[in-house]
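The values are calculated or read from the model by the stated rules, or taken from the named source; none is laboratory data. Note that the structure is a prediction, hence the values are computed from the model and not measured. Here the Cβ positions follow ideal geometry from the backbone for every residue, glycine too, while neighbour counts run over all protein chains shown. Just so you know, the surface numbers come from the protein's heavy atoms only, side chains and all, with ligands and any DNA or RNA stripped out. Shrake-Rupley method; radii C 1.70, N 1.55, O 1.52, S 1.80 Å.
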Amino acid sequence: MAKTKRIITILLRLLAFGATLSATVVMVTSHDSAEVLNLKFTADYNNSPSFKYYVIAEAIASVYGLVTLFLSSKSLVDRLIVILDVVIAMLLTSSISAALAVAEIGKRGNSHAGWLPICDQVPKFCDHVTGALIAGFAAAILYLVLNLYSLHVVLAPLCPAKP
Amino acid sequence: MALQSGETLAMLVGNIWSKPRSRYWTLLGLRLLAFLAAAAATLVMALNKQTKTFVVGTIGTTPLKLTLTAKFQHTPAFVFFVIANGLVCMHNLVMIMVDLVGSKFDYKGLRFPMVAILDMLNVALVSGGANAAAFMAELGKNGNSHARWDKICDKFGAYCDRGGGALIASFLALASCFSFLSSPYLNLSTRRPIVLFLTTIINPKPQTIFISMDCSNISHCICLVFQMYVLLLLL
């Protein structure tokens, strides 16, 4: 029972670590430029505070994931890890929603505010950002599943045979 | 020795609820704060609208006027903000009622961790909504020179101010939601039965009370979550 719990937890944490790491890397390497009417138009993740926050949040989550992969389940920081899992899940949901909000504006524009979409001029950047957002979304869902699993494990420690 | 849920659990629940302590009221107060803050955020953003008339040119002597309206529906992030805060508000209201009249419930099966699971989903929802709207508001306030997006807060100042107020309320709701989600793990309150249950299980000392629960596989848990929420809403 403890072994199963440990295996599933490690598997979930490994997947989440992979997802956050790939989200960070893909977003950092997104870069494209276009020339429109003799104006050089570069798109980089640094140009938007939302994408910068996304990179920072995913980096923090991947470092946390790496650290907790190597901690055993019966150490003294067990309770702290549960709380920190909730905090990191909250951080990931916030970063993905912020990046999605800005990316949606970049893709469809906002006619009421006079904001034109930019994905036609820099398609490579848009594809890169889409990939990073998908990875980040998967990471957020994995952390939520991890939290629910920790809760389930904590609340049903010695699951008897079903009646 | 495994006790059947219902018998001793009712005694445990009744014992705890007959003597409310100050920490119980602290947690209830936090939930009330979260409910009020989320309600305020929803209302302020939903009623956020500003109309302004601009003069864009003149034909002869008559000026050409253009009327522009800033509404929250124009931005999908703000629509998500309103919906998320509305759901959070409703959830907190239901949980307050559970806290107040909870001594009459029988905590069979999944109803015990139900509150913790829903609180977790609650926190994720409100954090997503608040942050999406925060970054959209930052974009409206500062614009983005690289993408040639102009700022709009200099023209629609009242709209921006109201949106900012709604955001502050939503972050307050987020802080209090997170506080009572993590309070059992921090032992801030040891008198509520759910908290007592969680602390007895997490505590490594040997315990004599094991409660048989109907959540031995996780998909069963997740299916029951939504069933129970609907049931709670109907109560």
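Some observations on this one:
- Inter-label distance, nm, simple model (7 Å from Cα along the C-beta direction), A:LEU84/A:ASP127: 3.8
- Only Lys, Arg (+1) and Asp, Glu (-1) charged, at Cβ; chain A dipole about Cα centre in debye: 780
- Under the simplified labelling scheme, the B:LYS65-A:VAL145 pair shows an inter-label distance of 5.8 nm, with each label point 7 Å from Cα along Cα→Cβ.
- Theoretical FRET efficiency, 1/(1+(r/R0)^6), r = Cβ-Cβ of B:MET97 and A:LEU116, R0 51 Å, to 0.05: 0.60
- Computed 3J(HN,Hα) for the range B:81-89, one whole-Hz value per residue from the Karplus formula 6.51 cos²θ - 1.76 cosθ + 1.60 where θ = phi - 60°, is 4, 5, 5, 4, 5, x, 5, 4, 4, glycine and proline marked x.
- Measuring nothing but protein heavy atoms, the accessible surface of the range A:2-155 at 1.4 Å probe radius is 72 percent carbon and sulfur.
- Chain A - mean residue ellipticity at 222 nm from DSSP helices (-39,500 (n - 2.57) per run, n ≥ 4, rounded to 500): -24500 deg cm²/dmol
- Taking label positions 7 Å along the Cα-Cβ direction at both A:ALA2 and B:THR26, the computed distance is 3.3 nm, reported to one decimal.
- Once the Cβ-Cβ distance of A:LYS40 and B:LYS141 is raised to the sixth power relative to R0 = 22 Å, the FRET efficiency obtained is 0.25.
- Restraint check, A:LYS107/B:LYS151; A:LYS107/B:LYS49; A:LYS107/B:LYS141; A:LYS124/B:LYS49; A:LYS124/B:LYS65, Cα-Cα greater than 29 Å: A:LYS124/B:LYS49; A:LYS124/B:LYS65
- Hydrodynamic radius of the range A:2-155 by the Kirkwood approach over all distinct alpha-carbon pairs: 16.7 Å.
- Here's how it looks for A:SER33: its modeled amide H is under 5 Å from those of A:ALA43, which are all 5 or more places away or on a different chain.
- The stretch between A:LYS107 and A:VAL77, if pulled fully straight at 0.36 nm per residue, gains 6.4 nm over its current Cα-Cα span.
- Once the C-beta distance of A:VAL63 and B:LYS104 is scaled by a Förster radius of 41 Å, the resulting FRET efficiency is 0.30 to the nearest 0.05.
- Working note: Karplus 6.51/-1.76/1.60 with θ = phi - 60° gives the range A:110-124 the couplings 9, 5, 6, 9, x, 9, 8, x, 10, 5, 6, 7, 10, x, 5 Hz, where Gly and Pro are set to x.
- When the chymotrypsin sites (Phe, Trp or Tyr not before Pro) in the range A:67-148 are filtered for DSSP coil states and for at most 10 other beta-carbon atoms within 10 Å of their beta-carbon, the remaining sites are A:PHE70.
- Taking all Cα pairs closer than 8 Å and separated by 6 or more residues, the relative contact order of the range A:2-155 comes to 37 percent.
- Chains B and A, summed buried accessible surface - 1.4 Å probe, Å², nearest 100: 4100
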